[in-house]
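K.L.:
Below you'll find the structure I mean.
Laboratory data are not the source of any read-out in this text; all were calculated from the coordinates shown. Quick caveat, the model's predicted, so the values are computed rather than measured. So basically every Cβ, Gly included, is an ideal-geometry build from the backbone, and we count neighbours across all protein chains shown.
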Amino acid sequence: MITLYGGPTTNTRKVTIALSELGLDWTLREVSLARKEQHEPWFLSLAPNNKIPVIEDSKTGLKIWESGAILTYLAEQYDAHGTLLAKSGKARYEALQGAFFQAAHIGPNLGRLNDQLTASEADKIPRMQALFYEEAVRLTRVLDRMLADGRPFLAGDYSIADIMHYPWLKAGLDLGFPALTEKPGLKEWLGRIGERPAVAKGMAALT
Ligand SMILES: N[C@@H](CCC(=O)N[C@@H](CS)C(=O)NCC(=O)O)C(=O)O
């Protein structure tokens, strides 16, 4: 049984989508960010970076944090045919490249942008807001280029690279972020992912 430590957040939803795609049984141990539970000693012993998601797999005894590492683990451990992460070759490294790109660029930048947009007027820093906004626009151009030549998914076939991005960019699309709403290729890509039953189930799993 897999225990998922998390909550209704974009990063935790990457994991619920992957669990749903792989048809795995799992149980949730909710970690309340509002109550700052991620800073409690029991949680820090699981995840020294005080962030969700984390998984614990009773089958292997492994505890893993960082969503990209979690998705890689689930795919390698439970995806015999490599449907979410190819076992070798170009497709594997393109999927990992996309997953690392999300964790290094999309997540941190969109997270900071959201912090700035939702901050109280006193806490807003116009220069920071502009920097994060411009970078978010640039990153959508990168994604658009990754989908060039009519590729249906970021790494060619559907993979953990798409799962890593979906919850974040779907939130941006729903908020009406013009760099997303005005790019037909990105909108169609999000639509293709969103229509997968496992994605809909994974997105709805945490409220
Ligand atoms: N790179 C990490 C990011 C995880 C992350 O930022 N999680 C947020 C919630 S979505 C969190 O736990 N924040 C609490 C904190 O920073 O104290 C991953 O992909 O797993």
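K.L.:
Which shape class, rounded, prolate or oblate, goes with segment 146-207 when its Cα gyration tensor gives a ≥ b ≥ c as root eigenvalues, a/c under 1.5 marks rounded, and past that a/b bigger than b/c marks prolate?
P.N.:
On the way: a/c = 2.11, a/b = 1.16, b/c = 1.83.
Verdict is oblate for segment 146-207.
K.L.:
Moving to a separate point now. Test of understanding: express the Cα radius of gyration of segment 89-196 as a ratio to 2.2 N^0.38 Å, with N the residue count. Could the numbers behind the result be given before it?
P.N.:
Values: Rg = 14.3 Å, N = 108, 2.2 N^0.38 = 13.0 Å.
With N residues counted in segment 89-196, Rg over 2.2 N^0.38 Å equals 1.10.
K.L.:
I'd like the trypsin sites (Lys or Arg not before Pro) in segment 107-207 restricted to DSSP loop residues with at most 16 other Cβ atoms within 10 Å, sorted by number.
P.N.:
Qualifying residues, ordered by number: Lys124.
K.L.:
So how far, in whole Å, is the C-alpha centre of segment 96-158 from the one of segment 1-50?
P.N.:
Between the Cα centre of segment 96-158 and that of segment 1-50, the gap is 23 Å.
K.L.:
Then there's this: Return the subset of Lys87/Lys183; Lys63/Lys124; Lys63/Lys90; Lys63/Lys187; Lys36/Lys63; Lys36/Lys183 for which the Cα-Cα distance in this structure is over 30 Å, preserving the input order. Each step should come with its number before you reach the end.
P.N.:
Values: Lys87/Lys183 32 Å; Lys63/Lys124 37 Å; Lys63/Lys90 28 Å; Lys63/Lys187 35 Å; Lys36/Lys63 21 Å; Lys36/Lys183 37 Å.
Beyond 30 Å: Lys87/Lys183; Lys63/Lys124; Lys63/Lys187; Lys36/Lys183.
K.L.:
Are there any trypsin sites (Lys or Arg not before Pro) in segment 1-110 that are in a DSSP loop and have at most 15 other Cβ atoms within 10 Å? List them by number.
P.N.:
Values: sites: Arg13, Lys14, Arg29, Arg35, Lys36, Lys51, Lys59, Lys63, Lys87, Lys90, Arg92; in loops: Arg35, Lys36, Lys51, Lys59, Lys87.
Passing sites in segment 1-110 are Arg35, Lys36, Lys59, Lys87.
K.L.:
Here is a follow-up. Counting other Cβ atoms within 10 Å, keep those with at most 15, restrict to DSSP loop, and tell me which GluC sites (Glu not before Pro) in segment 155-207 are left. Write down the numbers at each step before the final one.
P.N.:
Working: sites: Glu182, Glu188, Glu195; in loops: Glu182, Glu195.
Of the GluC sites (Glu not before Pro), the ones in loops of segment 155-207 whose Cβ has at most 15 other Cβ atoms within 10 Å are Glu182, Glu195.
K.L.:
Now for a separate question. Could you work out Rg/(2.2 N^0.38 Å) for segment 2-83, with Rg from alpha carbons only?
P.N.:
Details: Rg = 12.3 Å, N = 82, 2.2 N^0.38 = 11.7 Å.
Against the empirical 2.2 N^0.38 Å value, I get 1.05 for segment 2-83.
K.L.:
Of Ser45, Ser32, Ile70, which is farthest along the charge dipole of the chain in the positive direction, counting Lys and Arg as +1 and Asp and Glu as -1 at C-beta?
P.N.:
The listed residue farthest towards the positive side: Ile70.
K.L.:
Summing Lys, Arg as +1 and Asp, Glu as -1, what charge do residues with Cβ under 14 Å from the Cβ of Leu85 carry, Leu85 excluded?
P.N.:
On the way: positive: Lys14, Lys87, Lys90, Arg92; negative: Glu21, Glu76, Asp79, Glu94, Asp157, Asp162.
Net local charge, Leu85 excluded: -2.
K.L.:
Right, another one. Using just the alpha carbons, could you tell me how many Å³ per residue the convex hull of the chain encloses? The partial results should precede the final answer.
P.N.:
Working: hull volume 25.8 nm³, N = 207.
That works out to 125 Å³ per residue.
K.L.:
Right, something else. Note the full-extension length gain between Asp115 and Glu134 as 0.36 nm times their separation in residues minus their Cα-Cα distance, in nm to one decimal.
P.N.:
Extra length from Asp115 to Glu134 when fully extended: 5.3 nm.
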